[in-house]
Structures are given as structure tokens and as C-alpha cells.
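**Student:** Structure in C-alpha cells, see below.
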Amino acid sequence: MEDAFHDAIAIARGQQAKSWELRAAISLAQLWARQGERKKAHDLLAPVYGWFTEGFDTPDLKDARVLLDSLNE
């Protein structure tokens, strides 16, 4: 499953599809968080989230913020 998320991130980056990259990064970060890899999950998701300058009321960005906050605890 992890490989599929890595592939999705790579494809989204190649297509400059930031929203799709965010979704894939959220999924992979959630997987890593469940596996106890909280820092690794944060280090993946934080820069992707940081690209966005608007749309913070969208479900994906809200989910990313909640996940990042939980990873910082």
C-alpha cells in the first residue's frame, strides 16, 4: 500500500497537481502515523500543506491541518 501512495505522489508531482499530491500525502502520512512514524509523517505532509495560500476551508486542507496538529502533539 505504501508503494501506491509513493506512486500517487510522484504522478501528482509530475502533473503539478497539488491537490492530488496533498491527498496522497495525507494518506501516506496517516499510514505512517498509525505505524508510529510521526516525524516522518509530519516531514512529508508539512511542506505539501505549506504550498497552499488559500482554500483552507476545503475538506482536504482541513484534514491536513488536523493531521499536522495531531502529529505535533
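The values are calculated or read from the model by the stated rules, or taken from the named source; none is laboratory data. Quick caveat: nothing in here was measured; it's all calculated off a predicted structure. Please note: Cβ atoms are built from the backbone with ideal geometry, for glycine as well, and neighbour counts cover all protein chains shown. Note: accessible area is taken over every heavy atom of the protein model, side chains too, but ligands, DNA and RNA are not part of it. Shrake-Rupley method; radii C 1.70, N 1.55, O 1.52, S 1.80 Å.
**Student:** Over region 11-64, with every protein chain in place, what whole percent of the accessible area is carbon and sulfur at 1.4 Å, could you tell me?
**Tutor:** Using a 1.4 Å probe with all protein chains present, region 11-64 comes out at 50 percent carbon and sulfur.
**Student:** Place a +1 charge on the Cβ of each Lys and Arg in the chain and a -1 charge on the Cβ of each Asp and Glu, then give the dipole magnitude about the Cα centre in debye, rounded to the nearest 20.
**Tutor:** So the magnitude is around 80 debye.
**Student:** Sticking with this structure for a sec: When the chain is treated as a GNM, springs tying every alpha-carbon pair under 10 Å, which of TRP20, TRP32, TRP51 comes out with the largest mean-square fluctuation?
**Tutor:** Its mean-square fluctuation being the largest, the pick is TRP51.
**Student:** Apply the Karplus parameterisation 6.51 cos²θ - 1.76 cosθ + 1.60, with θ equal to phi minus 60°, to every residue of region 32-40 and state each ³J(HN,Hα) to the nearest whole Hz, in sequence, with x for glycine and proline.
**Tutor:** For region 32-40, the Karplus-derived couplings read 4, 4, 5, 8, x, 9, 5, 5, 4 Hz, x marking Gly and Pro.
**Student:** If you count only protein heavy atoms with a 1.4 Å probe, what accessible area per residue comes out for the chain, rounded to a whole Å²?
**Tutor:** So the chain comes to 64 Å² accessible per residue, rounded to a whole number.
**Student:** Could you give the Stokes-Einstein D for the chain in µm² per second, using the C-alpha Kirkwood radius, 37 °C, 0.692 mPa s?
**Tutor:** Here the translational diffusion coefficient equals 272 µm²/s.
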